[in-house]
Each structure stands twice: as structure tokens, then as C-alpha cells.
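**Q** Dropping a structure here in C-alpha cells format, bear with me for questions.
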Amino acid sequence: MNKVNKVKPGATWKELPIGGTLPAASALDYKTGAWRSFVPKFDPNQCTHCMICVHYCPVMAIPTEINENGVKGWKDKIYKGVIRLETNLDYCTGCGVCAEECPTKAITMERETWEVK
Amino acid sequence: MNKISIKSKRVPLTGAEAVAEAMRQVRPDVVAAYPITPQTPIVEIFSKFAADGLVDTEVVTPESEHSAISIVTAASAAGARAMSASASQGLALMVEVLPATSGLRLPVVMAIANRALSAPINIHCDHSDMMAVRDLGWIEIFSENAQEAYENMFLAVKLSEHPDVLLPSMVGLDGFIISHGVEVVEIYDDEIMYNFVGSRKPQLSLFDFENPITIGPLQLTDYYFETKRQEQEAMKNALKIYLEVGKELSKITGKDYPYFEKYYLDDAEVAIVVMSSTAGTTKDVVDELRKEGKKVGLLKPKLFRPFPYDEIKEALKHTKAIGVLDRAYSFGANAPLYTDIRNALYDLPQRIPIQSYVFGLGGRDIFKHQIKDVFVELLSGKISKEEKCIGLRE
């Protein structure tokens, strides 16, 4: 079957794919981080890497990796396996769901301060 | 009539049965519908075909018309040939989804057994249901009788699925008058009719896992207008493709599929424009008045959206007076068919007197003598800007 091409910015009605259809995962091109008025501050020393924040994040902005050596976290324990990394601020909308759901309060929300260039 | 030797049988059927036969022959992958008078027998009969194994269709019976249209829209996005049927308040409940089906360019086809809108609650025929949704991007075809309803279903499927069109279609048949009235209907051979439409070949599909797509993303001030402009272009294409598809169907049936039917129109001094079953009654009146030497004629629109403005203008330009009979109000404005016919005539150098009539609301009968009165009125030149009513107790 046919492929849908990415929309080139400013495309005319004759150039656009019909019905507004786009290639999958096009939301990656849309940096929702610009919506943010609060920013999550993550404290790795308080984190148990339970993955609750990862699954609750509505924009999938919390990346993970597999780390067999382990990282130090809550109560100075070493956590191995799937590890939560720093929030991707390109996409984090600052909604605060991660901070609300975190069982060990490893995430706190602070006012975002945008640098005006 | 049927000049070509194609296998067919002539059987007594209601309009609903004829439409269900057409649905069986086009073999939809998914049918979802909710019962509503007078549409109910269409899907009831079709469901029986599916239960009996005559057709390999997933029949879904959801809890409302809103769900039914959502299901067929989603199924169509997944690449299925998807169909439904409804009427009146059922179609009204679908309204939220109808412009999504057309906006997403999904070739869903529905039969609508035209019925009055509530309130007051009424189960009988008028065109207020399909007229209410005429601006939502669906192709609309109206049928005079069961035979036309049967054939229009094939036209609709092939037209909707054409790569230059990709818009959904509604085929209207007058509730009870056509949906429940029995006529002799010529049903063509299963294989021939299936081959006419063929299997659906979606250009894009949610089930094409090699080429994953996003359907229905947000478009704001930046792209929405362009996408809607494409839809308007698709409607223009539909006008052209309708005739092409009709020519192909002619090879099977030996009949013509113009935008509208002309009945003694070419030399007519006065003409009535009316759609659906009442056009049949009008033909009888034309026959009688022609015997008396009166030059009267009929124009029966079949394709209502897209509307063939230029062709209708050409067909009516020689007349001295026109009466347009609408089976619906457009509250606070001129009646819908009258509006479009009057609009079509604007490009003529001369101004033809044109009279608006509303008739048959809520299934109110219209009789030959009333149509004859319209012709007499048109011949006498009594044309006013007033919207007149036929069969109303004044």
C-alpha cells in the first residue's frame, strides 16, 4: 500500500496528504515542552525506579534504560534493571502527574522560568 | 429497456429488500446499524443474509446510531468496506460523526429510508433528514423507486471508493412509500454486480503495519482550511466520476445514469422539479397533460450532493416557468431544492419565473390532482415569491 509523506511546513492544499492523515508518531515533531509553566525536579537519591511516573506520564516524556550495574537511589540502595532517566523537557508539559503519583516524593514541581532571548 | 443479455431475475421486493440485496452483492466487510423505522428491514434482512452465511460480513449491533456510524467510520479507516443504514432521528444522532467520516475521506455507504424529523414525532416520509445533513461532505443520491435504490447502492459504493473521490455516500429512498412498498425489481447476477464494484482497495489503512499512519490528527489555524479545500475538490471530482461510474453500470443494466432524469422536458414550456417517489406520480400527470396537448415536463434530480448546477441550468433554460417541489423545510430560508435550482438559474441571461412548493411533510399524501394543479398554476403564469404548500389545511 501507499506511504504517507511527512508534511512540509507551509504545504498547499494540493500537496497535503488527504484527510489530514500523517505518518505514525508524528507527535515527536511537536515539542509540547513549550506549554510548561511548572517543571519537575527529579531527585535520584529518592527514587526506587518503580516506573509509576514512567507509565503515568501522558506524553511519554520520561525515558528509561537498562542498567545491570545499578544506580544508587532511595535509602542509598542500588537499583538494577530498568532505570528511570531525567525527564525529557522537550516534551514534558509540566502537568505534575509524575510528582503526584511518586510514592517516595522523588519529584517536586517548581515554577518554570523561561529564558527570554 | 435491457438491451444487453446479462443474467438477471425479476422479483417482487420492497425497497428495503432491494437495498439489502444490493448490500449482499457488494459484500461489505463490516455493517453496523441500529434499528429505526422505516430503515429497520434493510439491516434486519441483511443480518439474516449474514447469519445464513450468504455473505461474509461482520454485522455489529451497537447501542445507538452514534456508535454505528463510529464503528463503520473506524472500520473504513482500517481498510474495510463498511456500510450502515438509518433514517430520521437516527441520522440526526449520527450527525456528530458524519463530517468526520467525510473529513477523514472514508468511503462509507449508507441507505437512508427518508423520514420526517421529530418533533412532533412522526415515522413517515419526508426529506428533512437528508436535507439537514446536506452540507456535511456526504454524497447524496435520491431514488424514485426500489429499482433505483438497488442500482444507486452500486453507484454509491463505486463512486465513494474511487481514488479521486474517497467520500462517503447516502442513498435515500422514501420511507414506507419505497422502503415498504413492493415492486417488481430486476436483480442482476451476484458475480457480475460484485465484479462491478470489486473488492475495496484502500490507499491507506490502519491495518497496513508496514506503513503505519496517524488518522485524524489535530489541524488548527495552520492546515484545517487546506484539508477542507481538498474535500471540496473531491466533491467536484465526484460530479465527473459519477457519470463515469454510471456508464460502467450501463454496460450491465442497459440504463442511463444521468445526474437527473428528464421527462418530456426538452420541449416543455413549464416544468416541475421534484425528487424521489413523487417524481413517479408527476410522470403520470405529465402523461395525462401531454395527451391534452399541454407542454409540461419533469426534471427529477437524482444526485443532490454534489449538485450539478450547470447541467440543470442547461436542462431548464428553455422553460417559461418552473415549480420546485420540496419535501422539507429549511426553516427561516428558502426550501433546499428550490434554493439550489434557483441558484443554478442565476447564470442565465433571462429570468425564469420559479415557484417554491413544500409538500408531503410527515408522510402527507400528494395526489395527481394536486400536481396537476401545480402545472395549471405554472401554465397560467401565477408565480409568486411566496412559499406555497401542497395539501396543507389552510
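The values are calculated or read from the model by the stated rules, or taken from the named source; none is laboratory data. Predicted model, so just to flag it, every value in this text is computed and none were measured. Cβ atoms come from the backbone with ideal geometry, glycine included; neighbour counts cover every protein chain shown.
Conditions (1) out of contact with any helix residue (DSSP H, G or I) (no Cβ under 7 Å at 6 or more places or on another chain); (2) within 14 Å of chain A (Cβ to nearest Cβ); (3) of a type in the set (D, E, K, R), marked per residue:
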position: B:Leu159; (1), (2), (3): no, no, no
position: B:Ser169; (1), (2), (3): no, no, no
position: B:Glu191; (1), (2), (3): yes, no, yes
position: B:Asp222; (1), (2), (3): yes, yes, yes
position: B:Glu233; (1), (2), (3): yes, yes, yes
position: B:Pro258; (1), (2), (3): yes, no, no
position: B:Tyr263; (1), (2), (3): no, no, no
position: B:Asp267; (1), (2), (3): yes, no, yes
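**Q** Name the single residue, out of those in segment A:98-117 being at pLDDT 95 or above and hydroxyl-bearing (Ser, Thr, Tyr), that is farthest from A:Pro40 (Cα to Cα).
**A** Taking the candidates together, the pick is A:Thr104.
**Q** Further, regarding this structure: Of all residues in segment B:264-291, which are of a type in the set (Ser, Thr, Tyr), in contact with an Asp or Glu (Cβ under 9 Å, 6 or more places away or on another chain) and surrounded by fewer than 20 Cβ atoms within 10 Å (Cβ to Cβ)? Before the answer, list the steps.
**A** Of segment B:264-291, the ones of a type in the set (Ser, Thr, Tyr) are B:264, B:276-278, B:281-282.
Filter once more, keeping what is in contact with an Asp or Glu (Cβ under 9 Å, 6 or more places away or on another chain): B:264, B:276-278.
Once the filter is applied, which keeps residues that are of a type in the set (Ser, Thr, Tyr), in contact with an Asp or Glu (Cβ under 9 Å, 6 or more places away or on another chain) and surrounded by fewer than 20 Cβ atoms within 10 Å (Cβ to Cβ), segment B:264-291 yields only B:Tyr264.
**Q** Ok, one more. Which pairs turn up if I take residues in segment B:211-233 that are over 18 Å from B:Leu136 (Cβ atoms) and look for partners that are small (Gly, Ala, Ser) and modelled with pLDDT of 95 or more with beta carbon separation below 7 Å, at least 6 apart in sequence or on another chain?
**A** Pairs found: B:Ile215/B:Ala77.
**Q** Residues to consider are B:Ser64, B:Ser76, B:Ser47, B:Ser84; find the one that is polar (S, T, N, Q), in contact with a strand residue (DSSP E or B) (Cβ under 8 Å, 6 or more places away or on another chain) and farther than 21 Å from B:Ser160 by Cα.
**A** Answer to the selection: B:Ser47.
**Q** In segment B:329-340, how many are under 20 Å from the mean Cα position of the chain (by Cα) and over 11 Å from B:Phe304 (Cβ atoms)?
**A** Residues that pass the stated criteria total 5.
**Q** Also, I was wondering about something else. Need the failing condition index for B:Ala92 against (1) assigned to a loop (DSSP other than H, G, I, E, B); (2) under 20 Å from B:Asp326 (Cα atoms), just the number.
**A** Failing condition for B:Ala92: (1).
**Q** If a residue counts only when it is within 22 Å of B:Leu361 (Cβ to Cβ), which helices (runs of 4 or more DSSP H) contained entirely in segment B:109-212 have at least 2 such residues? Steps first, please.
**A** Values: elements: B:128-132, B:146-161, B:190-197.
Passing ranges, in order: B:128-132.
**Q** Filter segment A:1-37 down to the residues that are hydrophobic (A, V, I, L, M, F, W, C) and either at pLDDT 90 or above or assigned to a loop (DSSP other than H, G, I, E, B) (or both) and list them by number. Even if it seems obvious, please write down each step before you answer.
**A** Going through segment A:1-37, the residues hydrophobic (A, V, I, L, M, F, W, C) turn out to be A:1, A:4, A:7, A:11, A:13, A:16, A:18, A:22, A:24-25, A:27-28, A:34-35.
Matches in segment A:1-37: A:Met1, A:Val4, A:Val7, A:Ala11, A:Trp13, A:Leu16, A:Ile18, A:Leu22, A:Ala24, A:Ala25, A:Ala34, A:Trp35.
**Q** Taking segment A:95-111 as the region of interest, how many residues are surrounded by 14 or more Cβ atoms within 10 Å (Cβ to Cβ), in contact (Cβ under 8 Å) with a residue 60 or more places away in the chain and farther than 11 Å from A:Cys53 by Cβ?
**A** Of the residues in segment A:95-111, the ones surrounded by 14 or more Cβ atoms within 10 Å (Cβ to Cβ) are A:95-99, A:101-102, A:104, A:106-109.
If we keep only those that are in contact (Cβ under 8 Å) with a residue 60 or more places away in the chain as well, we get A:106-109.
The next check asks that each one be farther than 11 Å from A:Cys53 by Cβ; those that pass are A:108-109.
Residues meeting the conditions: 2.
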